[in-house]
1. Only residues that are in a helix (DSSP H, G or I) and within 21 Å of the chain's Cα centre (by Cα): list them for region 21-64, please.
2. I'm trying to understand the selection: among the residues of region 80-100, which are touching a residue at least 24 places away in the same chain (Cβ under 8 Å) and of a type outside the set (A, V, I, L, M, F, W, C)?
3. Test PRO295 against the criterion of being without any contact (Cβ under 8 Å) to a residue 60 or more places away in the chain, open to solvent by 70 Å² or more (accessible area, probe 1.4 Å) and more than 20 Å from the chain's Cα centre (by Cα), and give yes or no.
4. Among the residues of region 65-84, count how many are under 24 Å from ILE113 (Cβ atoms) and either near the ligand (Cβ under 8 Å from one of its atoms) or at pLDDT below 95 (or both).
5. May I ask you to verify whether GLU239 is over 30 Å from ALA366 (Cα atoms) and not in a loop (DSSP other than H, G, I, E, B)?
6. Out of all the residues in region 5-17, is one or more part of a helix (DSSP H, G or I) and open to solvent by 50 Å² or more (accessible area, probe 1.4 Å)?
7. For residues in region 147-160 being open to solvent by less than 20 Å² (accessible area, probe 1.4 Å) and touching a Phe, Trp or Tyr at 6+ places or on another chain (Cβ under 8 Å), which is farthest from the ligand (Cβ to nearest atom)?
8. When you check ILE48 against the structure, is it modelled with pLDDT of 95 or more and more than 16 Å from the ligand (Cβ to nearest atom), yes or no?
Amino acid sequence: MKNQIYLDHNATVPLLKEVKKSLIDCMDFGPLNASSIHYYGRKGKDIIEVARANISQLINANKNNIIFTSSATEAINLLFSNFETIIVSSIEHLAVLYSSKSDHIIPVNQDGIVDLNFLELYLKKIFKNNKKILVSVMWVNNETGVIQPIKDIVNIAKKFQCLTHCDAAQALGKININLDEIELDFLTLSGHKIGAPTGVGALVYNNKTNITPQILGGGQEKGMRAGTENILGIRGFGEAARLMGMRKETNCSQVKFLRDFIQKKIKKISPETIIFGEKTKRVANTLLMALPKIPGDLALMKLDLESFSVSSGSACSSGKISQSHVVSAMGYDELASNSVRISFPPNDFILNSENLITTQELDKLAQSWSNL
Ligand code: PLP
């Protein structure tokens, strides 16, 4: 069988072997419903609390302020259902754009960075003392990997007494998140972006906030998200977070080496390639690029046939390629159907535990790109 090379880690990270082992241990243990009072129920509750502690340690949050959900998407929907006025950036993930239904959109510049002056002026314009406004900006963009100035965004929002949410699905495991150093009110996370199984996410909130649930029932997760907990998913998320947290600073030097290696090669042999967000701060694992005359879907299919699993920046859930609203928002309308994303493992720990990408393979990928 042909050896396919997976370079789509921003879509999902393969289940870590340590996480898989922790799931098998959990399955072997027996029936686990954390709502039961007996021995098995208490064991289930313990598993959830250990996961909560591991995740809270990774981001320096209060462990009591984490609600588990089925995904980051659900966590975002839960939060947004509590607000009427939500201000978002133009490059947010569809989970934010669609669930906020917002027409308060903050533009970005050509590098994909939120326009801070626009944000401040906009808030000044719509600010009304007693109105509950949420400002929601992602930490790291899933297509470009560009890192937003979240601290500055929070400081501006606070001037107008707005609450703040950050979609950190693509930041977790890639950059240091320390909620002690940043006054965010809400953060949302996704387990499968750090090597946990799909189907588990979290909403992290600060002490002062009341959240009205969307899902009602047995009162799980402090009444904020009913339904018997996904103990396997939560256990996997907690274990992946523990592994990420073993080093205080997220180490991405090898990942960065690989990303920069392919970027340099491609620029050398295909100088007409546009690299999005190249001049600004990006996470180490992501490369979004386009060739002016080559549609992204065609590039994707050709690279797939050459054994490289990459992604279009704009693939939607049906597998169809649509125009990238991120590329458009950065002012490259004419390239919005052309972007292709290569995403390496988020950090060196995951790269080393998968051990699957060599510079020879990247040479071949650069060659395939130039032959498109
Ligand atoms: N936000 C961003 C930036 C993402 O990249 C994703 C997933 O691709 C999500 C939110 C949604 O995460 P989940 O798959 O857990 O719903």
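1. Step one: filter region 21-64 for residues in a helix (DSSP H, G or I), giving 21-29, 39-59, 63-64.
Passing the criteria: ALA51, ARG52, ALA53, ASN54, ILE55, SER56, GLN57, LEU58, ILE59, LYS63.
2. Taking region 80-100 first, the residues touching a residue at least 24 places away in the same chain (Cβ under 8 Å) are 80-97, 99-100.
Matches in region 80-100: SER81, ASN82, GLU84, THR85, SER89, SER90, GLU92, HIS93, SER99, SER100.
3. Numbers: without any contact (Cβ under 8 Å) to a residue 60 or more places away in the chain: yes; open to solvent by 70 Å² or more (accessible area, probe 1.4 Å): no; more than 20 Å from the chain's Cα centre (by Cα): yes.
No; evaluated as a whole, the condition is false for this residue.
4. 2
5. Numbers: over 30 Å from ALA366 (Cα atoms): yes; not in a loop (DSSP other than H, G, I, E, B): yes.
Judged against the criteria, GLU239 is a match.
6. Of the residues in region 5-17, the ones part of a helix (DSSP H, G or I) are 17.
Remaining after also requiring open to solvent by 50 Å² or more (accessible area, probe 1.4 Å): 17.
Yes: one or more hits.
7. Pass one, region 147-160, residues open to solvent by less than 20 Å² (accessible area, probe 1.4 Å): 148, 150, 153-154, 156-157.
Now narrow it down to the ones that are touching a Phe, Trp or Tyr at 6+ places or on another chain (Cβ under 8 Å): 148, 150.
Numbers: GLN148: 11, ILE150: 13 Å.
Filtering first and then ranking leaves ILE150.
8. Numbers: modelled with pLDDT of 95 or more: yes; more than 16 Å from the ligand (Cβ to nearest atom): yes.
Answer is yes for this residue.
The values are calculated or read from the model by the stated rules, or taken from the named source; none is laboratory data. Just so you know, these numbers come straight off a predicted model, no measurement behind them. All Cβ positions, even for glycine, are placed from backbone atoms using ideal geometry, and neighbour counts span all protein chains on display. Accessible surface is based on the protein model in full, side chains and every heavy atom, while ligands, DNA and RNA are left aside. Shrake-Rupley method; radii C 1.70, N 1.55, O 1.52, S 1.80 Å.
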